[in-house]
Amino acid sequence: MLDLVTEGFARAVLEPFSYPFMVRGLLAAVTVGAVCGMVGTFVVLRGMAFLGDALAHAILPGVATAYLCGATQRGTLFWWALLTAVGASLGVGAISRSERIREDTAIGIVFAGMFALGIALISTMKSYTVDLAHVLFGNVLQVSWAHLRTMWTCSGVVVLLMVSFYKEMVVLSFDPVFASTLRLPSRFLHYLMLVLIAVVIVVSLQTVGVALAVAMLVTPAATASLLTGRLRRMMALAAGLGAASGVAGLYLSYYLSMAPGAAMVLVATACFLVAFAISRRRRIPTTRSG
Amino acid sequence: MRFAAHDGASAALAMRGVSVFLGDTPALESVTLAVDGGEQVAIVGPNGAGKSTLLRTIAGVLHPSSGSVLVYGHRPPGHICIAYLPQRSAVDWSFPVTARDVVMMGRVARLGLLRRPTRHDRDVVAESIETVGLTDLADRRIGELSGGQQQRMFIGRALAQEAGLMLMDEPMTGLDSTSQSAILDLLTEFRRRGVATLVANHDLTMSSERFDRIVLLNRRVIADGLSGDVLTEVNLLAAYGGHVHRIRDALEPLAVSDSCCDHGPEI
């Protein structure tokens, strides 16, 4: 009896991966979850969630232009998206230094505009709804090996840069004034952070899409921030939670035939709610005076 | 090291005719100020007098529209030895780091890019933590420390930074008297090391009892010198305007606080 249960369970766990596209999907989900969790830690600490969401949406016109130019290859789309995202992140950096308009207002205006431009461009195509859905919500089950290799290369570069500039980024995030008295290259680091976020969003484009990219970036990191008070642990935990949400989401989508991107984000959100409930009970006092 | 060497003959701080604008509003007007190594100066003045602006300008974070700031003979951006201690209310205390992590931040500029802390850096950090009396609490999260411990942690960071000029923005705000005197005691450590210290402070009594000099500021330097010469009725009227009656009444028994600083941090 027990053998039967174990066997049934093992089959349920392994069965999805008898399909090669599920294996590739799994690898993509784990990659995206892990690297989003790492970068997302800084996004959460620096309160850049809105900016991350805006960046993700700003990629749309780049992808649309690529479509219009007849780029049907996923690889080509990837580079178009990357170009747009990096351009947009540098644009954000410039806007945030302007004193004439509040930063969040400026970001809202520019990126809603870019998103509209993207939709307008895509809507001129015949296969409008299908293409738009792919960009908006991703399609992890169509990831190719070539695409996976690109994802790994980009993720590798992101992780390498994060490790290299880790201590400077921590100082800048914690105490920007102190960072500038230490004559750290604050502006360079700020732009670097924006570019890293952009790259990570593009990497996650195929998996969760433009509309949900910010969730993979912010939710696992926010969950981790509730569970630990140490930065390194928080990053590791966020990466682990992101990867686990990706895998669990993929199973959900297989057995309940849900959209995989949405399923991953739902798992991540559920983890957050559980952590929120737990941490409310044993709340760590944030400040004491005296 | 690409940062400026200290010119032994120069004052720790020499400001000449410094004016600073925040947006279109003048925040400081032709401020001239000199401070020697080891000297401890209290900056007093009403809210919005430009105390924070003054400290940030000396730190090289804000840039004067006219005039010159020289720290040990060089302009502030050439230095990594200027320690700036933020107002406690300006710090994100939920940030996931320990007291030791924050003190280690003082070493970051000396380490340089792509370098990890060496044994020497860790020793300097441990010594700094010991000097400020936080050895037992070093691995606590910063949010779990009391206000006085948090302020001592930042002083530890300045020690680890091997600062030559200390700028402290309202370090006593919200602290009980025990914590305040612990911090004042630590300041003598800076005097021993020849570090010039400027402290923005709204407690006039403490400023006159515990500091070498008082600078009375309200956008311009109204008076600068020994407390008896600075805290006169004329000067206080010039600095505090309509609030002077309250200040003067309070000064009689010499138990003064200007009671104007409960509105949160100055910009």
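Can you list the residues, at least 5 places off or on another chain, whose amide H is less than 5 Å from the amide H of A:Val143, using H built in the peptide plane?
Amide H to amide H, under 5 Å and 5 or more residues apart or across chains, A:Val143 pairs with nothing.
How well do other chains shield peptide B:113-124, expressed as the mean number of their Cβ atoms within 10 Å of each residue Cβ?
Values: counts 6, 5, 1, 2, 1, 0, 0, 0, 0, 0, 0, 0.
Mean shielding by partner chains, rounded to a whole number: 1.
Can you list the equivalent-ellipsoid semi-axes of the stretch B:34-143, largest first and in whole Å, using the square root of 5 times each Cα gyration tensor eigenvalue? Please list the in-between numbers first.
Details: eigenvalues 162, 72, 41 Å².
With the √(5λ) rule applied to the stretch B:34-143, the semi-axes are 28, 19, 14 Å.
Please compute the alpha carbon radius of gyration of chain B, then divide it by the globular-protein estimate 2.2 N^0.38 Å. Two decimals is fine.
Working: Rg = 18.3 Å, N = 267, 2.2 N^0.38 = 18.4 Å.
Working it through for chain B, the quotient is 1.00.
Normalised radius of gyration for the protein assembly as shown, please: alpha carbon Rg relative to 2.2 N^0.38 Å, two decimal places.
On the way: Rg = 27.8 Å, N = 557, 2.2 N^0.38 = 24.3 Å.
Compared with the compact-globule rule of thumb, the protein assembly as shown sits at 1.14.
If you plug each phi of the stretch A:183-194 into the Karplus form 6.51 cos²θ - 1.76 cosθ + 1.60 with θ = phi - 60°, what whole-Hz ³J(HN,Hα) values come out, in order, with x for Gly and Pro?
So the Karplus estimates, Gly and Pro as x, are 6, 6, x, 4, 5, 4, 5, 4, 5, 4, 4, 4 Hz.
Roughly how compact is chain A, stated as its Cα Rg over 2.2 N^0.38 Å to two decimals?
On the way: Rg = 19.9 Å, N = 290, 2.2 N^0.38 = 19.0 Å.
Taking the Cα Rg and dividing by 2.2 N^0.38 Å, one obtains 1.05.
For B:Ala34, list long-range residues whose amide hydrogen, built 1.01 Å from N in the peptide plane, is under 5 Å from its own amide hydrogen.
Correct list: B:Met15.
Provide a whole-number value for the mean count of partner chain Cβ atoms within 10 Å of the Cβ atoms in peptide A:157-170. Could the numbers behind the result be given before it?
On the way: counts 0, 0, 0, 0, 0, 0, 1, 2, 2, 1, 11, 7, 0, 8.
Partner Cβ neighbours, averaged per residue: 2.
If we count other beta carbons within 10 Å of each Cβ, what is the order of A:Glu168, B:Glu39, fewest first? Can you show the working numbers first?
Numbers: A:Glu168 24, B:Glu39 19.
With the fewest neighbours first, A:Glu168, B:Glu39 line up as B:Glu39, A:Glu168.
What are the residues whose amide H is under 5 Å from the amide H of B:Leu28, where those residues sit 5 or more places off or on another chain and H is modelled from the backbone?
Here the answer is B:Val20, since their amide H atoms fall under 5 Å of that of B:Leu28.
Please list the radius of gyration and Dmax for the stretch A:6-150, considering alpha-carbon atoms only, with Å as the unit.
Rg, Dmax (Cα atoms, Å): 18.2, 65.
Can you pull the semi-axes for the stretch B:42-85, root of five times each eigenvalue of the Cα gyration tensor, sorted largest first, whole Å? Don't skip to the answer; put the middle values down first.
Numbers: eigenvalues 77, 30, 15 Å².
Working through the eigenvalues yields semi-axes of 20, 12, 9 Å.
What is the packing order of peptides A:100-113, A:135-148, B:11-24, taking the mean over residues of other C-beta atoms within 10 Å and listing the highest first? Walk me through the numbers on the way to the answer.
Values: A:100-113: 13.9, A:135-148: 18.9, B:11-24: 16.8.
Listed from highest to lowest mean packing, they are A:135-148, B:11-24, A:100-113.
Restricting things to alpha carbons, tell me how big the stretch A:162-218 is in terms of Rg and Dmax, in Å.
Cα only, the stretch A:162-218: 13.7, 41 Å (Rg, Dmax).
Inside 10 Å of the C-beta atoms of B:76-87, what's the mean count of C-beta atoms belonging to other chains?
Rounded to a whole number, the mean comes out at 3.
Would you give the gap between the C-alpha center of the stretch B:188-230 and the C-alpha center of the stretch B:86-116, rounded to a whole Å?
So the separation of the two Cα centres works out to 27 Å.
Any read-out appearing in this document is the output of simple, stated calculations on the displayed coordinates, not a laboratory observation. Everything numeric in this text was worked out from a predicted model, so none of it was measured. Heads up, the Cβs are rebuilt from the backbone with ideal geometry, glycines too, and the neighbour counts pull from every protein chain shown.
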